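Asker: Just passing along the structure, written as structure tokens.
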Amino acid sequence: MEEKNYLVSGMHCAGCAAKVERAVGELQGVESVELNLLTGRMTVVFREHGSPARGRMAEVVEKAGFQLADWVDGTPSGKDEEEKAEDAGGARLVWSVLLLLPLMYLSMGPMWSWPAPSGEWGIWANLWGQCILAALILWLNRRYLVNGVRQLATLSPNMDSLIAIGSGSAFLYGLFLLCGGMLRGGRVDTMELYFESAAMIVTLISLGKYLERRSYRKTNAAVKGLVNLIPQEALVWHDGEERAVPLNELQVDDLIVVKTGQRVPVDGVITEGQAALDESDLTGESMPVDKSAGDRVISGTFNRAGYLKVRAERVGGDSTLARMIRLVEQAGQSKAPIARLADRVCYFFVPAVIAIALAVFGILSLIHISEPTRLRRIFGIWLSAGEGFSFALARAIAVLVISCPCVLGLATPIAIMVGTGRGARLGILCKSAGALEALSRVDTVVFDKTGTLTVGEPRVVAVLPEHGMNADELMEVAAALEQGSEHPVGKAVYEHARMLELPVRPVADLSIVPGRGIAGTVDGVPYVIGNLAFMQEKGISWEQEQGRFREFMRQGASPLYVGREGRPAGAIMVADSLKPDSLSAVDNLKRMHMRVVMLTGDNAATARHMAEELHIDEVVSDVLPDEKASHIMKMEKAGARVAMVGDGVNDAPALACAQVGISLKSGTDLAMESSDIVLMKNHPRGVAEALQLGRATLHIIRQNLFWAFFYNTIGIPLAAGALYPAFGITLNPMIAAAAMSLSSLCVVFNSLRLRTFKPHLEK
């Protein structure tokens with residue numbers, strides 16, 4: 001598989017995007033394709049490296065009527081292409097309005113008895129003035145007309161095609177009547193020329209597109225805000241002095257100086273100094289965090305006060321901030337499953353609208369030129385006295401310009417972009433649009449215990465040797481077996497021995513069974529260390545010995561059993577403390593009517609004690625790492641929609657198979673790679689915040705889609721004259737154009753409400 005990003009330009013509606021996706025997706029060798037209408041970014045996955053399909057990409061996209069270029073990642077600076085396009089659109093809009101004002105005066109003046117040229121030549125000057133002004137406005141906005149005609153020629157009409165047909169036919173019909181009237185030397189009914197309608201349509205469309213473009217830029221504010229957190233250079237301490245180095249030249253192990261008012265450019269460990277760091281741009285937490293030597297820092301945090309020297313561990317694209325930017329961009333690029341319906345509708349929407357407009361025009365024209373009584377009996381009484389060809393044309397134009405495929409195409413992606421952007425500001429990173437949608441449907445939250453609900457830094461609280469061993473000897477043996485262990489409990493045992501300044505003995509014949517224990521030989525004597533199940537496998541019985549462990553276990557401590565030569569040697573009691581907000585996180589999830597489950601490899605007594613403290617009613621204990629995923633799958637098979645929350649390597653399979661995998665910032669790289677959501681705050685309350693964000697985003701999407709379908713369902717029949725037979729109500733093409741522009745803006749502004757989203761949690 002090979003993935004490559006492209007930039008597609010020239011698109012104006014969801015129909016355009018659907019057309020490009022279908023054309024590229026039909027190429028042999030293309031596995032999948034996703035195109036973001038808002039950004040123009042197209043992600044194509046090829047089945048093999050160097051696929052022949054890559055060489056045909058430009059040809060296929062250009063044949064569809066658009067332009068293709070390679071996508072270039074980079075930090076925006078100055079006026080980017082979006083800003084230039086917005087400025088050009090603004091200039092066209094200003095000139096269009098300036099020309100429209102005299103046009104409306106000339107066309108509407110006689111109706112309101114405004115001062116106007118009189119006499120025969122004055123009337124003709126008025127009419128030709130309208131024609132020239134309308135032609136200039138159409139020329140200023142010719143991009144819609146040219147693109148619309150081009151798409152019609154390729155038999156794949158889009159929204160621009162509707163505009164081109166609607167405004168173009170109105171202008172050409174007026175020009176035909178005007179020229180015909182001059183040739184015949186007769187008078188022309190100014191009410192039938194529709195020059196002002198043609199000009200007003202494209203001007204309103206231009207206004208709507210301009211406002212949409214400004215709104216699109218606001219949706220990208222989150223990504224650009226994160227990009228702006230990246231400093232352009234860093235101070236590197238080298239040979240006893242500071243030296244400014246461009247960010248792309250930094251290397252791992254460089255010593256970085258961060259002064260007051262500067263941002264941390266890398267992920268690393270503080271070697272010297274102390275400071276109050278503002279992490280609000282990354283985590284959403286408003287209070288500065290005090291940091292000193294030995295603490296870790298992440299890129300993008302702001303030094304409010306203090307001086308630091310930081311040993312770089314992750315630089316450039318590997319830093320936390322760079323990864324955040326990629327995740328937000330990735331989420332905005334992806335499509336939610338709910339968007340697929342809108343995409344399918346958009347693909348067939350424009351041809352259907354053109355067919356409806358032609359049918360309306362044909363039927364009304366036929367009624368006018370044929371024997372009326374019979375046709376009116378068939379089609380209804382559309383026409384009153386005096387209504388004719390002009391009426392039919394006006395209804396057809398109104399149908400074309402009121403229909404809005406854009407509103408269907410914008411309903412989902414713009415909400416997703418704003419939602420993921422807001423999530424990034426709150427420290428909730430969504431890897432895909434699908435994850436954000438799936439969050440809204442979760443009804444079960446499964447927590448790993450260690451490092452997720454607890455601090456993840458266990459400590460030894462008691463050493464209980466058996467007869468024939470003392471406490472120090474037991475710790476020495478345990479530390480020997482656990483040296484080099486990556487498990488938090490193993491690290492706690494080893495660090496406790498170091499703290500007591502006990503010697504760490506060499507170990508031979510080391511054998512590790514993940515999730516169970518370790519076997520090895522110390523000073524020629526075989527030892528094992530691990531959980532009770534591991535002891536039973538080794539034939540070591542503890543039934544009579546467990547009584548004195550129970551009081552510790554009831555207090556939340558877990559026993560780490562040590563066996564020697566097939567007999568019990570003692571136990572080390574290890575305890576972990578709960579995170580301060582774990583209880584609040586669980587209670588808030590319950591208020592949201594969530595089923596909360598603890599899934600842990602710890603023993604039943606300890607797990608139950610922790611669960612009681614956290615008000616968790618359902619506990620699954622003594623679970624091996626490879627069994628966590630199977631438990632998740634059992635829940636989902638039973639109908640549960642599960643979000644798995646974890647942070648360790650052993651959680652990765654469960655995170656991957658859950659409907660939504662959620663990892664914490666403190667988690668391992670594998671856990672974060674396997675998850676769909678990454679919480680930068682590193683506390684479980686973020687789970688409830690993420691769920692509320694998912695629900696809010698889906699609610700906005702549903703509102704947008706309802707409005708999109710409702711608007712087109714009501715607007716198109718109204719424009720066609722459905723109310724005319726009974727009430728005499730028609731829709732002027734200018735009003736139809738205004739309604740179309742406003743419909744898109746309604747969806748955009750409704751989505752922008754997510755920018756003010758705030759989680760509602762109780763302390």
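Since every read-out is calculated from the coordinates, none of them should be taken as a lab result. Small disclaimer: the values here were computed from a predicted structure and weren't measured. When we count neighbours, we look across all protein chains shown, and the Cβ atoms used for this are built from the backbone with ideal geometry, even at glycine.
Asker: Please tell me which of these pairs span more than 28 angstrom C-alpha to C-alpha: LYS449/LYS681; LYS291/LYS579; LYS431/LYS491; LYS431/LYS579; LYS449/LYS634; LYS259/LYS681?
Answerer: Over 28 Å Cα-Cα: LYS431/LYS491.
Asker: Give me HIS760, HIS593 ranked fewest to most by other Cβ atoms within 10 Å of their Cβ, as a rough exposure proxy. The partial results should precede the final answer.
Answerer: Working: HIS760 11, HIS593 7.
Placing the least packed residue first, the sequence is HIS593, HIS760.
Asker: Next question, about the same structure. What ranking of HIS699, HIS609, HIS467 emerges when the number of other C-beta atoms within 10 Å of each C-beta is taken as an exposure proxy, fewest first?
Answerer: HIS467, HIS699, HIS609
Asker: Here is a follow-up. Taking other Cβ within 10 Å of each residue's Cβ, how do MET417, MET610, MET594 sort, fewest first?
Answerer: MET594, MET610, MET417
Asker: Between TRP71 and ALA153, what length in nm is gained on full extension when 0.36 nm per residue of separation is reduced by their alpha carbon distance? Don't skip to the end; give the middle numbers.
Answerer: Details: separation 82, 0.36 × 82 = 29.52 nm, distance 2.83 nm.
Net length gain for the segment: 26.7 nm.
Asker: For the range 489-576, give the magnitude of the charge dipole about the Cα centre (Cβ charges: +1 Lys/Arg, -1 Asp/Glu; no others), in debye to the nearest 20.
Answerer: Values: 10 positive and 10 negative charges, 20 e Å.
In debye, rounded to 20, the range 489-576 gives about 100.
Asker: With charges only on Cβ, +1 for K and R and -1 for D and E, what is the dipole size of the range 2-70 about its Cα centre, in debye, rounded to 20?
Answerer: Computed charge dipole of the range 2-70: roughly 160 debye.
Asker: Ok, one more. Just subtract the alpha-carbon distance of VAL455 and VAL525 from 0.36 nm times their residue separation and send over the number in nm, one decimal.
Answerer: 21.7 nm
Asker: Still on this structure, I have one more. What is the calculated FRET efficiency for GLU551 to ARG755, with r their C-beta to C-beta distance and R₀ = 56 Å, to the nearest 0.05? Write down the numbers at each step before the final one.
Answerer: Working: r = 53 Å, r/R0 = 0.95.
According to the calculation, E is roughly 0.60.
Asker: What percent do you get for the relative contact order of the range 2-70 when only Cα pairs under 8 Å and 6+ apart count?
Answerer: Relative contact order of the range 2-70: 43 percent.
Asker: Please give the length that would be gained between SER577 and GLU762 if that part of the chain were fully extended, namely 0.36 nm times their separation in residues minus their C-alpha to C-alpha distance (nm, one decimal). Spell out each step's value before the answer.
Answerer: Values: separation 185, 0.36 × 185 = 66.60 nm, distance 2.19 nm.
The SER577-GLU762 span can extend by a further 64.4 nm.
Asker: In nanometres, what is the gap between the two model label sites at VAL513 and GLU565, each 7 Å from Cα along Cα-to-Cβ?
Answerer: My value for the distance between the label points is 2.2 nm.
Asker: For the range 459-575, report the % of Cα-Cα distances exceeding 24 Å.
Answerer: Result: 14 percent of Cα pairs exceed 24 Å.
Asker: Here is a further query. Taking the Cα centre of the range 229-314 as origin, work out the dipole magnitude from +1 charges on Lys and Arg Cβ and -1 charges on Asp and Glu Cβ, in debye rounded to 20.
Answerer: Here the range 229-314 has a charge dipole of around 120 debye.
Asker: Rounded to a whole number, what is D in µm²/s for the range 544-593 from Stokes-Einstein with the Kirkwood radius over alpha-carbon pairs (37 °C, 0.692 mPa s)?
Answerer: On the way: Rh = 13.5 Å.
In µm²/s, the coefficient rounds to 244.
Asker: Treating only the Cα positions of the range 628-669 as identical point scatterers, give the base-10 log of I(q)/I(0) from the Debye formula at each q in 0.14, 0.24, 0.26, 0.35 Å⁻¹.
Answerer: Per q value, in the given order, log10 I(q)/I(0) is -0.27, -0.70, -0.79, -1.21.
Asker: Could I get the Rg over Rh figure for the range 2-70? Both from C-alpha atoms, Rh via Kirkwood, rounded to two places.
Answerer: We get a ratio of 0.92 for the range 2-70.
Asker: Taking the Cα-to-Cβ direction at TRP139 and at HIS49 and moving 7 Å from each Cα, how far apart do the two end points lie in nm?
Answerer: 5.5
Asker: Kirkwood Rh, the range 229-314, all Cα pairs: how many Å?
Answerer: That comes to 12.5 Å for the range 229-314.
Asker: Between GLN232 and GLU612, what's the calculated FRET efficiency when r is the beta-carbon distance and R0 is 60 Å? Round to 0.05. Let's see the in-between values first.
Answerer: Values: r = 53 Å, r/R0 = 0.88.
FRET efficiency, GLN232 to GLU612: 0.70.
Asker: Continuing with this model, one more query. If you take all C-alpha pairs in the range 664-763, what percent of them are over 25 Å apart? Can you show the working numbers first?
Answerer: On the way: 2401 of 4950 pairs.
Summing the P(r) of the range 664-763 above 25 Å gives 49 percent of all pairs.
Asker: Which ³J(HN,Hα) values, rounded to whole Hz and listed in residue order, are derived for the range 47-57 from phi using the Karplus coefficients 6.51, -1.76 and 1.60 in 6.51 cos²θ - 1.76 cosθ + 1.60 with θ = phi - 60°, glycine and proline given as x?
Answerer: Result, rounded to whole Hz: 5, 8, 5, x, 4, x, 4, 4, x, 9, 4.
Asker: HN-Hα J couplings of the range 62-67 from phi, Karplus 6.51/-1.76/1.60, θ = phi - 60°, integer Hz, Gly and Pro as x?
Answerer: 5, 5, 6, x, 9, 10
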